[in-house]
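Here's the structure we're looking at; comments come further down.
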Amino acid sequence: MVIFIFSMVGYALALGATIFAVSKVHLGQPATIRDSFRELRPVGLRVVRILMSVTLRCVLAGVLTYVLVVALVGLVVRSIEIPPMLVRWMLAIFFLSLFVAGMVWVARIFCRYSLAVPACLLERLPARQAMKRSKWLTKSALGRIFLVFLLMSILGLGLSYVFQIPVFFLPLRDTSVILIACQLTGMFMALILAAPIGTISVCLLYYDLRVRKEAFDLQLMMEAVSGAPEATATVAPTA
């Protein structure tokens, strides 16, 4: 639990600062590391709350799927002592399909709320309202968001194996502390390179969806002409 809390807080800080930096660069404004973390300070707790809420929803969906599959398997095993081979295959396919459907449910929940953090930071929305806005923005783009995170996961896994290749040539035992440290270092380096790609992609996808659904580019042009305040602080009306 302690590791989870520290990881969540650290991820929230890195995610929020990256989104601020990408937003500044995307809008043609200067961005620095210090300014990005400074802007995150007043809304950092909102980001942590959003991440914990999304994580809890995904975990609950996964646990419910697991409990349902295990309960059904136990019920079938008790009711049918030695089923024929065809029935076994049909049951295996059914339970596998049910498990896959549960994982799709978890992925759908994660993708629906994936734009809640950009909405909270760039539009200064409360956590609950940012999650509702994310559901509206991602209504027709769940597939694109899923592909972004899928490619990020594949890239991170591939880089992790690449960084761990030299470890396999070391004359060490499987339980060696040096071996474990080298493996964790390889995973850490892979996450450093792969995780920001996903964050940047999600932030750009957030702006793309706002342009498609709310004509955000026209709002920027009008505000630039009229000398209105910064565009990232404005909230377009939701349909």
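At a glance:
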read-out	value
Inter-residue pairs, beta-carbon under 8 Å, first more than 27 Å from Gly10 (Cβ to Cβ) and in the stretch 191-213, second among the aromatic types (Phe, Trp, Tyr) and buried (at least 17 other Cβ atoms within 10 Å of the Cβ), 6+ apart	Arg210/Phe216
Positions within the stretch 102-128 being touching a residue at least 12 places away in the same chain (Cβ under 8 Å) and loosely packed, with under 14 Cβ neighbours inside 10 Å, in sequence order	Met103, Pro126
Residues of the stretch 129-147 satisfying the condition of being surrounded by 14 or more Cβ atoms within 10 Å (Cβ to Cβ), assigned to a loop (DSSP other than H, G, I, E, B) and either on the phi > 0 side of the Ramachandran plot or of a type in the set (Ser, Thr, Tyr) (or both)	Thr138
Residue among Leu150, Leu172 that is modelled with pLDDT under 85, surrounded by fewer than 16 Cβ atoms within 10 Å (Cβ to Cβ) and not charged (D, E, K, R)	Leu172
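The values are calculated or read from the model by the stated rules, or taken from the named source; none is laboratory data. Just so it is clear, the structure is predicted and the values come from calculations on it, not from any experiment. Cβ atoms come from the backbone with ideal geometry, glycine included; neighbour counts cover every protein chain shown.
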